Amino acid sequence: MQVTVVPASPKTGQATIRTLLADPSNPTVKGYYRDLSKVPAEFTSNPRFEAVKGDVEDAGSLDFSGSDTVLNITPPLYEEKDIIAHARLVSENVKAAVKKAASVKRLVLLSSVGAQYDHGTGEIRTNHEAEAILKDAAAEVVFVRCAYFMENWAMSLDTILREGFFYTTLTPLDHALPMIAVQDIGSTCAAELLGAGNTALPSNPHIFELHGPRAYTSVDVQQAFEEVMGKSIEMRPIEKAGLDEFYAAVFPPMVAKEFAAMNASYLEGGILYEDPQPTVREKGTTELLDVVRQMLLGA
Ligand SMILES: NC(=O)c1ccc[n+]([C@@H]2O[C@H](COP(=O)([O-])OP(=O)(O)OC[C@H]3O[C@@H](n4cnc5c(N)ncnc54)[C@H](OP(=O)(O)O)[C@@H]3O)[C@@H](O)[C@H]2O)c1
């Protein structure tokens, strides 16, 4: 089987490729990079992996012919641009390339919890747009709606290591949020890709949420850092009313607004807090403590 991962450089793409290359069915993998200098050595040394230069913003650079199945990730945009228009453009480009390649039986889209909503979710609306465009791109379509990535807490490492504290926008501090490890996203996406043409989908598109073994609070995050580091770590909560200001300090204005809205969507009063149209769920096995340990060992 030949699998294409587009783009291949996001951490979720890397985790999927790692699982695919270790699979006993020995699939071959093509990974699209806009910058070939970013291909990890662990992949280039594998004869079943091929890095291809291509950019999802440029339809002409995508050729999936020969591939049985494609994993698509909507790349996050941190520039001062219309992120919805960008999500539409890259999804249309991928859809056209999938339609052109007669060999492609299945498209798997890495999506997000909340992608069923067209409002109230901020940046997650990019995933909503991608789903709307790609829902009939191939004979078989799978949307993996991922929960909050445990690896997002890597953004806290800098202040933790230098000053022994971290900011948390997950409030109140005992509010539990579903989280998922990137490693579990990789193995789930790999399994969905390898089922192309063999495993009948329960529905088409097949849509499910991917959560970790349990939901975690900010206090759980603090305790995980404390356990791995063997010392006290201070938490500095950013309340809901302070989200706009918090994100405006790190992102350009349009991007900051979308991230603040996304963050608010899963706090009390937000659409994902109640989740009026819930999606069926699958669970990964990796615990937050294991992800925090890996993050700190690699820091
Ligand atoms: N973070 C969360 O909690 C969460 C939860 C649910 C779903 N999601 C979804 O997960 C996806 C993000 O995945 P991730 O965290 O794995 O991403 P990531 O690690 O932040 O990586 C983003 C990558 O996108 C690549 N990229 C950007 N523009 C590109 C383009 N035009 N063509 C090709 N590559 C491009 C960049 O590649 P370069 O190396 O070339 O710069 C970069 O490596 C998004 O769709 C997001 O909505 C995230």
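The values are calculated or read from the model by the stated rules, or taken from the named source; none is laboratory data. Predicted model, so just to flag it, every value in this text is computed and none were measured. We place every Cβ from the backbone using ideal geometry, glycine too, and count neighbours over all the protein chains shown. When the accessible area is computed, the model is the full protein with side chains, heavy atoms only, and any ligands, DNA or RNA have been set aside. Shrake-Rupley method; radii C 1.70, N 1.55, O 1.52, S 1.80 Å.
Highest mean packing comes first when the peptides 105-115, 91-101, 281-291 are listed by Cβ atoms within 10 Å, giving 105-115, 91-101, 281-291.
Once a ≥ b ≥ c are taken as the square roots of the eigenvalues of the Cα gyration tensor of the range 191-264, is the result rounded (a/c under 1.5), prolate (a/b larger than b/c) or oblate (a/b not larger than b/c)?
Working: a/c = 3.23, a/b = 1.52, b/c = 2.13.
The shape class here is oblate.
Residues whose amide H comes within less than 5 Å of that of residue 146, counting only those at least five positions distant or on another chain, are 111, 112, 113, 210 (H built at 1.01 Å from N in the peptide plane). For the peptides 48-58, 212-222, residues were scored by their other Cβ atoms within 10 Å and the scores averaged per peptide; the highest-first order is 212-222, 48-58. To the nearest ten degrees, helix 11-22 and the longest principal axis of the Cα atoms of the chain are 50 degrees apart. Only beta bridges with both residues in the range 86-236 are counted; by DSSP, about 10 percent of them are antiparallel.
Accessible area per residue, 1.4 Å probe, Å², for the chain: what's the number?
On a per-residue basis, the chain sits at 45 Å².
Computed over the chain, the P(r) tail beyond 32 angstrom holds 26 percent of alpha carbon pairs.
On the chain, 52 percent of the accessible area sits on carbon and sulfur atoms, based on a 1.4 Å probe.
Computed from phi, the 3J(HN,Hα) profile of the range 103-113 under the Karplus parametrisation 6.51, -1.76, 1.60 (θ = phi - 60°) reads 6, 6, 9, 9, 10, 10, 10, 7, 10, 9, 3 Hz, with x in place of Gly and Pro.
Coupling constants for the range 195-200 follow from the phi torsions by the Karplus curve (6.51 cos²θ - 1.76 cosθ + 1.60, θ = phi - 60°), and in residue order they are x, 3, x, 10, 9, 5 Hz; glycine and proline get x.
A crude spin-label estimate for the pair residue 103 and residue 199, with each label 7 Å from Cα along the Cβ direction, gives 2.2 nm.
Among the listed pairs 11/283; 30/283; 11/100; 53/95; 30/105; 38/105, give every one whose C-alpha distance is greater than 25 Å. The partial results should precede the final answer.
Numbers: 11/283 19 Å; 30/283 27 Å; 11/100 27 Å; 53/95 18 Å; 30/105 16 Å; 38/105 28 Å.
Cα-Cα > 25 Å for 30/283; 11/100; 38/105; rest within.
For the range 215-271, the set of trypsin sites (Lys or Arg not before Pro) satisfying both a DSSP loop assignment and a count of at most 11 other C-beta atoms within 10 Å is given as 231. The modelled label-to-label distance between residue 58 and residue 279, using points 7 Å beyond Cα along the C-beta direction, is 3.1 nm.
Taken one residue at a time, the phi angles of the range 167-174 give Karplus couplings (6.51, -1.76, 1.60, θ = phi - 60°) of 7, 10, 9, 9, 10, x, 5, 9 Hz. Gly and Pro are set to x. Computed from Cα positions, the angle between helix 253-265 and the longest principal axis of the chain comes to roughly 80 degrees.
For residue 167, the amide hydrogen comes within under 5 Å of the amide hydrogens of 236, counting only partners 5 or more places away or on other chains and with H modelled in the peptide plane. Across the chain, the mean sequence separation of Cα contacts (distance under 8 Å, 6 or more residues apart), normalised by length, yields a relative contact order of 19 percent. Using a Gaussian network model of the chain in which every pair of alpha carbons under 10 angstrom is joined by a spring, one finds that among 276, 27, 76 the greatest mean-square fluctuation is at 276.
The C-alpha atoms of the chain define a longest principal axis, and helix 218-229 lies at about 90 degrees to it. The convex hull defined by the C-alpha atoms of the range 1-113 has an orientation-averaged projected area of 7.3 nm².
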